[in-house]
Amino acid sequence: MENTSEVLKEKTYSNLDFYVGLTLAISSSVFIGSSFIIKKIALIRLTRKGSLRAGAGGFGYLNDWMWWFGFLTMGVGEVANFGAYAFAPASLVTPLGALSVLVSAVLASKCLNETLNILGKLGCVLCIVGSTVMVIHAPKEEQTGTLDDLLNKVREPTFLNYILVVISITVIILVYIGPRYGNKYVSVYITLCSAIGSLTVMACKALGLALKDFFSGTLPFSTHLWIIFGLLVIIAVCLCIQMTYLNRVLDLFNTNVVTPIYYVFFTTMVITASAILFKEWQKMSSRDIVGAMSGFLVTVVAIFLINTFRENQQPTKQNFGSI
């Protein structure tokens, strides 16, 4: 009887964590989707005032209150996102970022006069459907319960090789590809932001586990203080890089391009990093694996619909075809 009671209690806590993570992930998408539009409005205002554009390396937006409001909105979204990753698997939380695509598209049509035709709107719906299918088939429980478990997995060669690949991609884009093609192709800096973002998510996951261990009394703060501090530094550096180059992309390209493509790239990188680090897919049934992959493919199709079928095309630098 005692064993049965403990199992039921553990299952209850697991279900509670799932719904808490789900709620935080949805809230995060609303805030982040809104922040794209707020910051875009701020960048447009600065351009009209004659300030050096962020796409050309300008930092005039740092003196604009509206940009900071957008930054604060994204910060709230990221905090909610951090909380979601602390309670639920990354492969469950990340696909819900598709909601930010819908929020951004709706607000862009209201505030920026960026319109989508019927096929583009169908793409928004398919994006939500595909993400929902992914969530249904994603793992619902954590495979890593403590910080020590996570640190052991981080030391494995496969994940260390992934970190090396991300660092290599970052250096190549910053030194060679970015200066030459970053203003022409939206995928250049989005690839950079997505690769760095995948490490940000893993660091947030580790920080969440560290804080949970600390508050539960299983993590000696004095012993593991350097771990928490190191994770905060990694998160701060990664977020600074992401924000800097995401601002450049938003300044150069249409919001209805940036948001969905960023979702596809970012989701792919996070799921890849999560699969390598947490090995969540190894304990999934073949049915769930097929379902999750199918949902992701539907989302990719939706992204291309949003990317291709639109109205009121912008000048060449904002062309949706420059991917």
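Report the residue count in the range 270-292 for those that are under 18 Å from the mean Cα position of the chain (by Cα) and surrounded by fewer than 21 Cβ atoms within 10 Å (Cβ to Cβ). Walk me through how you get there before you give the answer.
Keep residues of the range 270-292 that are under 18 Å from the mean Cα position of the chain (by Cα), which gives 270-278, 292.
When the remaining residues are screened for being surrounded by fewer than 21 Cβ atoms within 10 Å (Cβ to Cβ), the result is 272, 275-276.
Residues flagged as under 18 Å from the mean Cα position of the chain (by Cα) and surrounded by fewer than 21 Cβ atoms within 10 Å (Cβ to Cβ) within the range 270-292 amount to 3.
Can you tell me which of (1) surrounded by 15 or more Cβ atoms within 10 Å (Cβ to Cβ); (2) closer than 23 Å to VAL30 by Cα; (3) without any contact (Cβ under 8 Å) to a residue 12 or more places away in the chain is the one ILE177 doesn't meet?
(2)
For the structure I just gave you, tell me whether ARG310 is touching a helix residue (DSSP H, G or I) at 6+ places or on another chain (Cβ under 9 Å), of a type in the set (Lys, Arg) and modelled with pLDDT under 75. Step through it out loud before you land on a result.
Details: touching a helix residue (DSSP H, G or I) at 6+ places or on another chain (Cβ under 9 Å): yes; of a type in the set (Lys, Arg): yes; modelled with pLDDT under 75: yes.
For ARG310, the condition - touching a helix residue (DSSP H, G or I) at 6+ places or on another chain (Cβ under 9 Å), of a type in the set (Lys, Arg) and modelled with pLDDT under 75 - is met.
Out of the residues in the range 180-208 that are of a type in the set (Lys, Arg) and either surrounded by fewer than 23 Cβ atoms within 10 Å (Cβ to Cβ) or modelled with pLDDT of 90 or more (or both), which is farthest from ASN152 (Cα to Cα)?
Going through the range 180-208, the residues of a type in the set (Lys, Arg) turn out to be 180, 184, 205.
Applying the additional criterion that residues be either surrounded by fewer than 23 Cβ atoms within 10 Å (Cβ to Cβ) or modelled with pLDDT of 90 or more (or both) yields 180, 184.
Values: ARG180: 40, LYS184: 42 Å.
This residue is LYS184.
Here are some residues: TYR162, TYR176, TYR181. Which one is more than 17 Å from the chain's Cα centre (by Cα) and under 27 Å from ILE227 (Cα atoms)?
Numbers: TYR176 fails: under 27 Å from ILE227 (Cα atoms); TYR181 fails: under 27 Å from ILE227 (Cα atoms).
Unique residue meeting the criteria: TYR162.
Residues in the range 141-165 that are modelled with pLDDT of 85 or more and in contact with a Ser or Thr (Cβ under 7 Å, 6 or more places away or on another chain): how many?
0
Working only within the range 159-171, note down all residues that are hydrophobic (A, V, I, L, M, F, W, C) and either loosely packed, with under 13 Cβ neighbours inside 10 Å or not in a helix (DSSP H, G or I) (or both).
Those that are hydrophobic (A, V, I, L, M, F, W, C) and either loosely packed, with under 13 Cβ neighbours inside 10 Å or not in a helix (DSSP H, G or I) (or both): LEU160, LEU164, VAL165, VAL171.
If only one of THR267, THR299, THR316, THR259 is surrounded by 14 or more Cβ atoms within 10 Å (Cβ to Cβ), under 29 Å from LEU122 (Cα atoms) and at pLDDT below 75, which one is it?
THR259
Is one or more of the residues making up the range 129-137 part of a loop (DSSP other than H, G, I, E, B) and modelled with pLDDT of 75 or more? Lay out the reasoning, then the answer.
Looking only at the range 129-137, we keep the residues that are part of a loop (DSSP other than H, G, I, E, B), and these are none.
No, the range 129-137 contains no residue that is part of a loop (DSSP other than H, G, I, E, B) and modelled with pLDDT of 75 or more.
Can you name the residue in the range 1-44 that is basic (Lys, Arg) and more than 26 Å from PHE253 (Cα to Cα) and is also modelled with the lowest pLDDT among such residues?
Of the residues in the range 1-44, the ones basic (Lys, Arg) are 9, 11, 39-40.
The next check asks that each one be more than 26 Å from PHE253 (Cα to Cα); those that pass are 9, 11.
Numbers: LYS9: 41, LYS11: 47.
That would be LYS9.
The values are calculated or read from the model by the stated rules, or taken from the named source; none is laboratory data. Here the structure is a predicted model, which is why all the values come from computation and not from measurement. Here Cβ is always computed from backbone atoms with ideal geometry, including for glycine, and neighbour counts include all displayed protein chains.
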